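The values are calculated or read from the model by the stated rules, or taken from the named source; none is laboratory data. Just so we're clear, the structure is a prediction, and the values are computed from it rather than from any experiment. Note that we place each Cβ from the backbone using ideal geometry, even for glycine, and neighbour counts take in every protein chain shown. Heads up: the accessible areas ignore ligands, DNA and RNA and are worked out on the full protein's heavy atoms, side chains in. Shrake-Rupley method; radii C 1.70, N 1.55, O 1.52, S 1.80 Å.
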Amino acid sequence: MVIIKHANQRVGIFLDVQNLYHSAKNLYGARVNFEAVVKNIVASRTLIRAIAYVIHTESGDETAFLEALVNMGIETRSKELQVFKDNAKKADWDVGLAVDMIGLAPKLDVIALVSGDGDFVPALGYVKKFGCQVEVVAFGKTCSQKLQESADDFVDLCASKKYLIRTR
């Protein structure tokens, strides 16, 4: 399906940082170039909000990364990594991200979900009821097929190296 992108569309971008981080690391041994991703999504349209959902690690190494996101004009929402008694770890923003998408949908023309997580399929179906165009941006090799099918447009980050930053 070909979608039309025009300047007066109001765009909201919702970035599932953990999902992209692990996909880029496991597929390419690289990091995500979030600036290139956001620039591609916005194109000539009007960016209303770009929100990145991140987890604070035990080491706290993400401070410079969070500052870089803010310097790009991306809001950050963060929470602590949960560590359970059995040493299991959980880093999950799915509900928070979905609630923000639903809450902002009436003010947006385009919802751009940057994640390959199929758990977002019901939320995307819901925001479409507001008339929002839904775009999913993810690494196709690790993206849920149902998520791709639920989108009006799918951008495969595997298609171009411009979305990657090589690690040393």
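A few comments on the model shown:
- Selection status of Leu113, out of contact with any Lys or Arg (no Cβ under 9 Å at 6 or more places or on another chain), crowded, with 18+ Cβ neighbours inside 10 Å and hydrophobic (A, V, I, L, M, F, W, C): yes
- Being in contact with a strand residue (DSSP E or B) (Cβ under 7 Å, 6 or more places away or on another chain) and either open to solvent by less than 30 Å² (accessible area, probe 1.4 Å) or over 26 Å from Arg31 (Cβ atoms) (or both) is a property that Lys128 has.
- Residues of the stretch 26-58 that are part of a helix (DSSP H, G or I) and under 12 Å from Leu69 (Cβ atoms): Phe34, Glu35, Val37, Val38.
- Some residue of the stretch 1-16 being in a helix (DSSP H, G or I) and open to solvent by 60 Å² or more (accessible area, probe 1.4 Å): no
- Count of the stretch 151-163 residues, restricted to those that are open to solvent by 20 Å² or more (accessible area, probe 1.4 Å) and either free of Cβ contacts under 8 Å to residues at least 24 places away in the same chain or outside any loop (DSSP other than H, G, I, E, B) (or both), is 9.
- Residue, most open to solvent (accessible area, probe 1.4 Å), within the stretch 25-52, restricted to residues that are among the small types (Gly, Ala, Ser) and in contact with a helix residue (DSSP H, G or I) (Cβ under 8 Å, 6 or more places away or on another chain): Ala36
- Among the residues of the stretch 1-40, those identified as of a type in the set (Gly, Ala, Ser) and in contact (Cβ under 8 Å) with a residue 40 or more places away in the chain are Gly12, Ser23, Ala24, Gly29, Ala30, Ala36.
- Among residues of the stretch 53-71 being surrounded by fewer than 15 Cβ atoms within 10 Å (Cβ to Cβ) and at pLDDT 70 or above, the one that is nearest to Asp100 (Cα to Cα) is Val70.
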